[in-house]
Amino acid sequence: MSMAQHAEPAVTSPPAPGPKETDGRTAERPLALRLLARPEVGVFLGAAAVYVFFLIAAPPVREGAAMANILYSSSTIGIMALPVALLMIGGEFDLSAGVAVITSALTASMLSYQLTMNVWVGVVVALLVSLGIGFLNGWMVVKTGLPSFLVTLGTFLILQGVNLAVTKLVTGNVATDDISNMDGFGQAKKVFAASFDIGGVDVKITIFYWLVFAAIATWVLLRTKYGNWIFAVGGNKDSARAVGVPVAFTKISLFMLVGLGAWFIGMHQLFTFNTVQSGEGVGQELIYISAAVIGGCLLTGGAGSAIGPVFGAFMFGMVQQGIVYAGWNPDWFKAFLGVMLLGAVLINLWVQRTATRR
């Protein structure tokens, strides 16, 4: 036997793969957790739960006509909740949105009737007035640096007083005169307050406007430079200004968008009921803001979507009409509003902490 032994090369198998080393910043959370962190998912689940609840508690809700009424109620809230949501993403509030709707309707109604003009003249002037109110709110906020809460609270009080005082002065009453016999009324009604028969169910045109406006708002937020500006000024306006974002233009235009929404809903109310009660609109701003907050728009700005407020508005419309169909006291709607608002604030707080957690 040879003294020299040829050693066989050692065969070593590679080490078994161990768990990947990650730090807290790069660890990927489970899909379910990431989905739940999206405010749109949370409000969708909430809306679905409310819908199922009233399907059981209020059998009339199962009928097509009842659902059309629920969607109509939701659309009148949702159309205004969309620009309010964009404004909140931009870091501001508008407490005058509710009475601004009535101001727009009163302007169109009284101008057309008292001056015996075609109603379209009143509609156009009301649009200019609404955009002017939005511009004034935005300009005051940008130029003075005052919180939008204070500026628009002042606008709210001014408009509330002007609505009542001017209406009484011009008409001698708290409501405007019936304009249904004025020139152009039929055409304007087709644009702002038409109804369609779908499968034997009367469906209001505002439902279609609501969905179209939501699609446009979503596209603007996610696919345009202006959408990036909205998120930037809401997140940190000084940083946004440093990288070239036109902060003043963005904020003022967002307030004007709220004015545009107020004009549209004001025209819908005018051409639906033919007359306007000057004391209405108070408190509606809270519903618009609540729908946006429940839809995931953070109170601090810089985060939110246009889809979330759609579901938020649906929840309000569902409860508002569902309580009636269930035969309950409608005063419970206000209690629901408070509960949902508090719940939404807590959820938003959790989303904020989840998003910033390392």
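The values are calculated or read from the model by the stated rules, or taken from the named source; none is laboratory data. Because the structure is a prediction, the values reported are computed rather than measured. Only protein heavy atoms, including side chains, enter the accessible area calculation; ligands, DNA and RNA are left aside. Shrake-Rupley method; radii C 1.70, N 1.55, O 1.52, S 1.80 Å.
Each residue of the stretch 81-95 was assigned a 3J(HN,Hα) from its phi angle through the Karplus curve 6.51 cos²θ - 1.76 cosθ + 1.60 (θ = phi - 60°); the sequence is 5, 5, x, 4, 5, 4, 5, 5, 4, x, x, 10, 10, 9, 7 Hz, with glycine and proline shown as x.
Here the 3J(HN,Hα) profile of the stretch 202-216, calculated from phi with Karplus coefficients 6.51, -1.76 and 1.60 at θ = phi - 60°, is 7, 10, 7, 5, 4, 5, 5, 4, 4, 5, 5, 4, 5, 5, 5 Hz, Gly and Pro shown as x. Protein heavy-atom surface of the chain, 1.4 angstrom probe: 66% of the accessible area is carbon and sulfur, with nucleic acids and ligands not counted. The residues of the stretch 132-270 have, on average, 51 Å² of accessible surface per residue, using a 1.4 Å probe with all protein chains present.
Restricting attention to the stretch 170-263, lysine pairs at least eight places apart or on different chains and with alpha-carbon atoms under 29 angstrom apart total 5.
The relative contact order of the stretch 202-329, computed from alpha carbon pairs under 8 Å that lie at least 6 residues apart in sequence, is 24 percent.
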